[in-house]
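Where a number appears in this text, it was derived from the coordinates with a stated rule and is not lab data. It should be emphasised that the depicted structure is a prediction, and the values quoted were computed from it without experimental measurement. Note: ideal-geometry Cβ built from the backbone for every residue, glycine included; neighbour counts use all protein chains shown.
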2 protein chains.
Amino acid sequence: MEAGKTYLSHYKFEVPEIVFGRGLLSRVGLCARRLGGRKVLLVTDPGVRRAGWADVAIRSLKRADLEVVCFDDVTENPKDVEVARGAEEYRRQGADVIVGLGGGSPMDAAKGIAILAANGGRIQDYEGSDRIHRPLPPIVLCPTTCGTGSDVSQFAIINDTERRCKMTIMSRTVAPDISLTDPDTLRTLPEEYVCSTAFDALSHAVEAFFSVAATSLTDVHAIRAVRLLSASLVPAVRERKDGDLENLARASLHAGMAFSNALLGIVHALAHPIGGLYGVGHGSINAVLLPQVIRYNLSAVTEKLPELAWGLGHRSEGDAFRASEIVQEQVDLLIDRSGAPRSLRRLGVREEDLSLVAQRAVEDTCILTAPREAGPEELQEILVRAF
Amino acid sequence: MEAGKTYLSHYKFEVPEIVFGRGLLSRVGLCARRLGGRKVLLVTDPGVRRAGWADVAIRSLKRADLEVVCFDDVTENPKDVEVARGAEEYRRQGADVIVGLGGGSPMDAAKGIAILAANGGRIQDYEGSDRIHRPLPPIVLCPTTCGTGSDVSQFAIINDTERRCKMTIMSRTVAPDISLTDPDTLRTLPEEYVCSTAFDALSHAVEAFFSVAATSLTDVHAIRAVRLLSASLVPAVRERKDGDLENLARASLHAGMAFSNALLGIVHALAHPIGGLYGVGHGSINAVLLPQVIRYNLSAVTEKLPELAWGLGHRSEGDAFRASEIVQEQVDLLIDRSGAPRSLRRLGVREEDLSLVAQRAVEDTCILTAPREAGPEELQEILVRAF
């Protein structure tokens, strides 16, 4: 809780321009227009289209005198081949600005398309850190789930269909020019996605808070995300009131701002290979892994636990031991009360793949900022506990 | 303290790229170069130059293969005529990037110079909101005090020497491309400036937190600034330890991020005309006004008081009445223990000018976001109490 605690001695903090408000998707045209575009490639997916949000965006873009081409050939855990097709469409149509609308999948696909449109080649060429050399076209991202954070982050996660793995692309250039959140879009999100994407946001917040790259600027957003989720996750899943859904949208934004700058940790290092192997929803995997990873990290983050306990709703001062109990209890309670999955087995993960997952996780960028070191053995132990 | 509290239904949040760390002024050349510049106008003041920081910056800029012209003809409460001379120098020298180094005065002067360099005319032409139409040259701002927030804000405050008033220029375009804070620069800041600029930061944080335009994204930064100041202001003034000075630099950044997006209130609406009339240091005026304005606002911000009390170091839950007592006590204590001035009279303000100050404050942009309405009479009453 000390204001004087030690952080990284040198750091950077970057977030795109943020626009937030109910009903604002109907103003996305003004955003795209302000970026100087004339012809928009709208990247979305069939679910978002069916829910009517693509039409809201298209109407707004046209009202702003922009031409629009809609590309909705994107699936959950977006694929290299989809990105390649989108980039081809962007070029063929002569588009000059990209709007991504949806969950993490269409938004990450939009980023991948922007990379290929400006830099050519295959998306595999950009895997890793800072491998993009030419500036991307202007991008507006509009999230319609409560978890991804892609709309503010410097990351894009794309599936390599041949290797069956997730590629992490990290570059300041993939952060959009404008992040536009319209919490009304959460009204049509199926219940299971409200829950799973909210746990994605909670994992972003907790991992960013525990990250060795955390700073004063990221901690405030991480803790606010935890507070909002702690208050609104369960009622949002159960009752779907607008106020709670809006809090989840806000939490997603705060968590995104935190992890885009503080990076992540073991939950995500493990979730990426699992997602790559099984195509399971990213948020559900995180919900299963988070309690085990928190337990593993406890000894390395002792002095930060009281603030996290406070974020989770505990209101009196306590020592680190009491705080560690509260953190575990509260996270467990959120999972139980929201009905999130509790085991990898239930998600379809096979026991014989656990060691492959652990091996791949060691190579994942996210492991670098974990507060406690973890090799293949420790990671496998975490997986076994979560199995 | 409730996570579910109601904020503005629509809002925007923008901050520049932030770089923070001890010793980083010696890397400012890389920042300026990254923005595509070749010839830098370095805007600073004689005090910063004497302290050796201008030389650190110049060496770094030259190491990055940039030409440098130094313009240090800037005084406290920077003047229209200084801005005009700087813009003339920028043009004459064929500069293409601006680095502002110093307190609020050189940084605001740098913004004014950038406005004139790109848009021509007189700085008076840009007074008010959103009156700048052509994009500014790239700007890097490096604060060397712990208060102004100019390095992240969408404001520039320039003195009109004829009218003897401060002009507020508000535009997203005056936020720099990069804000670079090197807390080491605070080591040479005279004690009185450590104190007065820290109270400027405290005023930014409290006013942004109470502002009607406050959002979840600004509140987290406002409260973190209050926490850091509450812990480190007095020891930084008295003992000048590096850790405390660094906390003040961090607090200034958080407070700047908050007020640039949530705007300010009565303290600043009153401080601007006083600064315009007397040329007194802005931070000292704020220190005198803050307790009186907090008192005036209390009834309008009841539900936010417990969180502010928490930020000021109070660690148990209480009702709003108790919180209002704590907020007042803690702010008074900070002023007393740091030796900040307690009366406008001591700053040289004349009693017969108070009604003129109140009249001018009604016209100041900052009054628009005050949580409680205040006309000339109420403002004069606040001034009399602070006199």
- Got the B:ARG315 label distances to the other copies yet, label 7 Å along Cα→Cβ, in nm, shortest first? 1.7
- Counting only other chains, what is the mean number of Cβ atoms within 10 angstrom of the Cβ of each residue in peptide A:245-255? 2
- Task: Give me a single rounded figure for B:211-219: the average over its residues of other chain Cβ atoms within 10 Å of their Cβ.
- Result: 3
- Query: What length, rounded to one decimal in nm, is gained on full extension from A:GLU377 through to A:ARG63, with 0.36 nm per residue of separation minus their alpha-carbon distance?
  - Reply: 107.4 nm
- Column: log10 I(q)/I(0), Debye, Cα scatterers of chain A, q = 0.07, 0.11, 0.13 Å⁻¹: -0.28, -0.71, -1.00
- One decimal, nm, nearest first: from B:ASP55 to the same residue in each other copy, label points 7 Å out along Cα→Cβ, the values are 7.0
- For A:224-237, mean number of other protein chain Cβ atoms within 10 Å: 2
- Message: Counting other C-beta atoms within 10 Å, and keeping those with at most 14, which DSSP coil GluC sites (Glu not before Pro) do you find in region B:1-77?
- Response: B:GLU2
- Note on the structure: Stretched fully, the stretch from B:ARG342 through B:VAL212 gains (0.36 nm per residue minus C-alpha distance, one decimal, in nm) 44.1 nm
- What is the sum of charges around A:ALA118, taking Lys and Arg as +1, Asp and Glu as -1, for the other residues whose C-beta is under 12 Å from the C-beta of A:ALA118? +2
- Message: Which log10 I(q)/I(0) values does region A:1-125 give at q = 0.12 Å⁻¹ under the Debye formula, counting every alpha carbon as one identical point scatterer?
- Response: -0.50
- Crossing angle, helix B:53-63 versus chain B [Cα axis fit, 0-90 degrees, rounded to tens]: 40 degrees
- Any idea what log10 I(q)/I(0) is at q = 0.06, 0.09 Å⁻¹ for the protein assembly as shown, Debye with uniform C-alpha scatterers and no solvent? -0.36, -0.82
- Extension length gain for B:ARG50 and B:ARG163 (0.36 nm per residue less Cα distance), in nm, is 37.5 nm
- Item | Separation of the A:ASP332 and B:GLU352 label points, Cα + 7 Å toward Cβ, nm | 7.5 nm
- Note on the structure: One computes Rg over Rh for region A:132-284 from alpha-carbon atoms, with the Kirkwood Rh, and obtains 0.96
- Please figure out what share of the DSSP beta bridges in chain A is antiparallel and state it in percent, rounded to the nearest 5. 20 percent
- Rounded, prolate or oblate: which one fits region A:190-386, using the alpha carbon gyration tensor with axes a ≥ b ≥ c (rounded when a/c is under 1.5, else prolate when a/b beats b/c, else oblate)? oblate
- Query: Can you list, shortest first and in nm, the gaps between the label point of B:ARG131 and those of its counterparts in the other copies, using a point 7 Å from Cα in the C-beta direction?
  - Reply: 5.1
- Query: Do any GluC sites (Glu not before Pro) in region A:223-332 lie in a DSSP loop with no more than 16 other beta carbon atoms within 10 Å, and if so, which?
  - Reply: A:GLU317
- R0 of 45 Å, Cβ-Cβ distance A:HIS133-A:ARG295: FRET efficiency to nearest 0.05: 0.60
- Task: Arrange B:ILE382, B:ILE157, A:ILE285 by Cβ neighbour counts within 10 Å, fewest through most, would you?
- Result: B:ILE382, B:ILE157, A:ILE285
- Message: Under 17 Å from a point placed 7 Å out from the Cα of A:ARG122 along the Cα-to-Cβ direction: which residues of region A:140-162 have their backbone N that close?
- Response: A:158-162
- Query: What does the helix-only formula give at 222 nm for chain A: each DSSP H stretch with n ≥ 4 adding -39500 (n - 2.57), the total divided by the residues, and the result rounded to the nearest 500 deg cm²/dmol?
  - Reply: -16000 deg cm²/dmol
- Tell me the trypsin sites (Lys or Arg not before Pro) within region B:281-387 that lie in a loop according to DSSP and have at most 15 other beta-carbon atoms within 10 Å. B:ARG315, B:ARG342, B:ARG350
- Message: Among DSSP bridges having both ends in region A:17-185, what percentage is antiparallel? Round to the nearest 5.
- Response: 20 percent
- Chain A to chain B by rotation: the residue of A with the beta carbon nearest the axis and the rounded distance in Å are A:VAL220, 2
- Item | Cα-based reach from B:LYS166 at 28 Å (exclusive), listing lysines while leaving out same-chain residues under 8 positions away | B:LYS12, B:LYS79, B:LYS111
